[in-house]
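Step one of this worksheet: look at the structure below.
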Amino acid sequence: MVRGALRGGRPMRGGGGIRPPFKKTFVPRHPFDITLAEVFFPKVAPATDDSALTAALLKRNQDFLSPTPAEQTAIGNLVSKVQAVLDNLVVAPGDFNTCQLEEVRQVGSFKKGTILSGNTVADVVVILKTLPTKEAVDALAKKVEADLKTSMKTEVLTKGEQHTILAHERGFDISNQQAKVRILISTLPQNLRKLEPEIHMDPKYTQSHLAAIRHTRWFEENAHHSSIKVLIRILKDLTKRFDAFSPLSPWMLDLIAHLAIMNNPSRQALPINLAFRRVFQLLAAGLFLPGSAGITDPTEPGHIRVHTAMSLEQQDACCYTAQTLLRVLAHGGYKHILGLEGNTSIVREMSVWNGVCVSPLGAVYEKPTDKKEGDAEEDIEMIENENEDDGSDDGAE
């Protein structure tokens with residue numbers, strides 16, 4: 001007979017077995033998105049004439065953000081020469097046996113076609129078959145430098161075209177006065193567990209370089225539309241001019257630009273003006289706030305939401321700044337947002353647009369003060385469902 005129960009009957013009031021401990025369950029919410037909900041909220045007024053905003057966006061991209069033909073040529077020439085040398089080391093290393101190259105892949109903004117004017121830097125990931133010791137990376141840099149000089153000995157080089165090699169913790173740089181190619185070193189995935197910090201490159205760098213290859217491959221397959229590239233350049237410019245947006249990584253910008261343009265009921269690319277507004281609408285609605293479903297990284301297992309790389313203060317600042325700028329945008333202040341007029345004080349000071357005052361919003365999140373120094377900050381968005389019955393592995397986030 002079970003303790004606390006009558007013979008053949010139900011347990012007595014207050015009795016029964018021991019209740020399992022309460023477990024917090026993370027249930028992600030999706031922020032309101034008028035583009036997806038438009039069928040439930042039909043417009044009652046004619047659409048706003050956004051031709052001026054569209055023209056301003058295209059002008060900003062073409063005249064200020066896109067690299068010039070000279071910049072494109074300079075970086076393209078250097079990338080081609082470096083790529084040829086590295087490819088030759090893959091197929092015919094000769095007497096170079098300090099390390100073995102498995103693959104050479106271009107990554108980053110230059111490969112994606114989203115590079116900004118004035119930033120003539122290209123990224124190339126070199127995957128080694130062998131373990132990436134610091135000595136091997138230094139030897140590879142010297143070998144590449146020597147092979148470059150050999151391949152260019154018949155060319156007449158100006159002073160600005162003469163290249164230099166500079167080693168750093170991620171690999172090494174090959175640069176001249178016009179462009180730079182960053183060689184990022186990584187190794188095969190099965191070698192990552194064998195890395196020792198004292199001997200080899202930092203594992204976090206080698207893993208991030210492999211992730212860059214996955215990001216570039218996904219972008220080429222899913223985000224090749226020209227409007228996405230235009231929007232990414234504009235968003236990159238915003239992260240440079242508005243401090244609250246600076247924590248947004250290039251990968252976050254790639255994903256939110258793709259979401260804003262392609263994720264809609266018609267599955268057709270939205271016009272650039274609507275997509276630009278939608279980015280602010282999503283951020284203002286809390287897309288990158290704690291508890292939000294956010295944007296799941298399509299290149300990683302475990303349903304990782306990209307915005308969890310930001311601190312809670314950064315998430316809050318990103319949201320309230322977007323709310324302020326969305327109100328400015330709604331009343332015609334797009335030129336100040338794009339940097340065509342004025343400055344970024346509109347997010348710190350009151351501004352007036354066509355007789356409407358827009359007061360900047362402030363922080364909502366307050367960091368707890370009752371916790372001891374060094375205690376981990378518990379956030380409900382980092383607590384996943386650990387129910388053993390369904391075998392959830394969301395905790396990988």
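The values are calculated or read from the model by the stated rules, or taken from the named source; none is laboratory data. All values reported here derive from a predicted model rather than from experimental measurement. In this analysis, Cβ positions are derived from the backbone assuming ideal geometry, glycine residues included, and neighbour counts consider all displayed protein chains. Note: areas computed on protein heavy atoms with side chains; ligands, DNA, RNA excluded. Shrake-Rupley method; radii C 1.70, N 1.55, O 1.52, S 1.80 Å.
Going by the alpha-carbon gyration tensor, a ≥ b ≥ c the square roots of its eigenvalues, is region 64-224 rounded (a/c under 1.5) or, if a/c is not under 1.5, prolate (a/b greater than b/c) versus oblate?
Numbers: a/c = 1.92, a/b = 1.21, b/c = 1.59.
Oblate is the answer for region 64-224, as a/c is 1.5 or above yet b/c matches or exceeds a/b.
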For residue 26, the residues 5 or more places away or on another chain with a placed amide H closer than 5 Å to its own amide H are 385
Taking only the alpha carbons of the chain, what extent do you get along each of the three principal axes, in Å, biggest first? 96, 69, 44
As an exercise, use a Förster radius of 45 Å and the Cβ-Cβ distance of residue 97 and residue 162 to find the FRET efficiency, rounded to the nearest 0.05. 0.95
Return the long-range amide H neighbours of residue 103 (sequence gap of 5 or more, or a different chain), with a cut-off of under 5 Å between placed amide H atoms. 127
Accessible heavy-atom area order of 121, 85, highest first, probe of 1.4 Å: 121, 85
Please work out how much length the chain gains when fully extended from residue 25 to residue 241, using 0.36 nm per residue of separation minus the C-alpha to C-alpha distance, in nm with one decimal. 74.0 nm
Residues of region 225-367: accessible area per residue with a 1.4 Å probe, Å²: 41 Å²
Scoring only Lys, Arg, Asp and Glu (+1, +1, -1, -1) among other residues with Cβ under 14 Å from the Cβ of residue 225 yields +1
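So what is the relative contact order for region 225-367, in percent, with contacts set as C-alpha pairs under 8 Å and at least six apart?
Numbers: 168 pairs, mean separation 28.3, N = 143.
Value for region 225-367: 20 percent.
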What does the charge add up to near residue 170, with Lys and Arg as +1, Asp and Glu as -1, over the other residues with Cβ less than 11 Å from its Cβ? -2
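For the chain, what proportion of DSSP beta bridges, expressed in % and rounded to the nearest 5, is antiparallel?
If I count the DSSP bridges inside the chain, around 70 percent turn out antiparallel.
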Test of understanding: what is the full-extension gain from residue 343 to residue 146, defined as 0.36 nm times their sequence separation minus their Cα-Cα distance? 66.1 nm
Sequence order, region 63-68: Karplus ³J(HN,Hα) from phi using 6.51 cos²θ - 1.76 cosθ + 1.60, θ = phi - 60°, Hz rounded, Gly and Pro as x, gives 8, 10, 9, 6, x, 6
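Determine the calculated [θ] at 222 nm for the chain from helices alone, applying -39500 (n - 2.57) to every DSSP H run no shorter than 4 residues and normalising by the residue count; nearest 500 deg cm²/dmol.
It lands at -11500 deg cm²/dmol.
Counting Lys and Arg as +1 and Asp and Glu as -1, what is the net charge of the other residues whose Cβ lies under 13 Å from the Cβ of residue 281?
Net charge around residue 281: +1.
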Where does each of 137, 27 land when they are ordered by accessible area, with a 1.4 Å probe and the largest first? 27, 137
Carbon and sulfur atoms: what percent of the 1.4 Å accessible area of the chain do they account for? 52 percent
